[in-house]
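Just below is one structure, and these are the notes that go with it.
The values are calculated or read from the model by the stated rules, or taken from the named source; none is laboratory data. In this text, all values refer to a predicted model and were calculated from it rather than measured experimentally. With ideal geometry, Cβ positions are generated from the backbone for all residues, glycine too; neighbour counts draw on all protein chains shown.
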Amino acid sequence: MQRLHMKRFAIAMLLMFGIGSALAGSNGRWLHVRVDEGGHGGEKINVNIPLSLVQALIPAIDTEEFHSGRVHFGSDELDGVDIREVLNALRDAPDADYVTIDGGDESVRVSKERGFLVVNVDEDRGDRIRVRLPLDVVDALLSGDDDELDLMAALDALADHGNGDLVTVESDDESVRIWIDSNDRGN
């Protein structure tokens, strides 16, 4: 019985040391995710996690598509577009709207603004998607091989940025917000 308690104590100490070490890194940055399904009885999900803990856990995930912090995708999914060359060209270009699409039921805008890649999608039925990523984070994400995204490199780059929204989605019946800051509660 005493051996079982000692094992549990040792495991608890290792976990505390590991989490403590993870919390010490990444400049005290926190990743927050809020999902609010709205309406009566709708679910609300709040996630507040130190970015350093995310960085510590990512290497523990090993699947066919995700290994060592890198996500593999088929290069045929890009349909012959060299996304890295597009990013290089965008990085050196002036701030501007580069793609605008006004369709029958939605509008899309892709732009560069003060070192950020910005994608806005507005649908006629009221849904809105906003993505705002620092270009160096996008660059780090694309630093892997041709058919992979380097999530670890992107997280490292993200840890060096200031507070701000990364993704917001708003619709009549739900909202999603993903952002980074130095507050453990995400207020």
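Annotations for the structure displayed:
- Exactly one residue out of ARG114, ARG109 is at negative phi and out of contact with any helix residue (DSSP H, G or I) (no Cβ under 8 Å at 6 or more places or on another chain): that is ARG109.
- VAL121 fulfils the conditions (1) modelled with pLDDT of 90 or more; (2) within 29 Å of PRO59 (Cβ to Cβ) except for a single criterion, (2).
- Scope the range 69-106; condition modelled with pLDDT under 80 and small (Gly, Ala, Ser); matching residues: GLY74, SER75, GLY80
- All positions within the range 155-182 that are polar (S, T, N, Q) and surrounded by fewer than 14 Cβ atoms within 10 Å (Cβ to Cβ): ASN163, SER182
- Scanning the range 15-59 for residues that are modelled with pLDDT of 85 or more, hydrophobic (A, V, I, L, M, F, W, C) and assigned to a helix (DSSP H, G or I) yields LEU51, LEU53, VAL54, ALA56, LEU57, ILE58.
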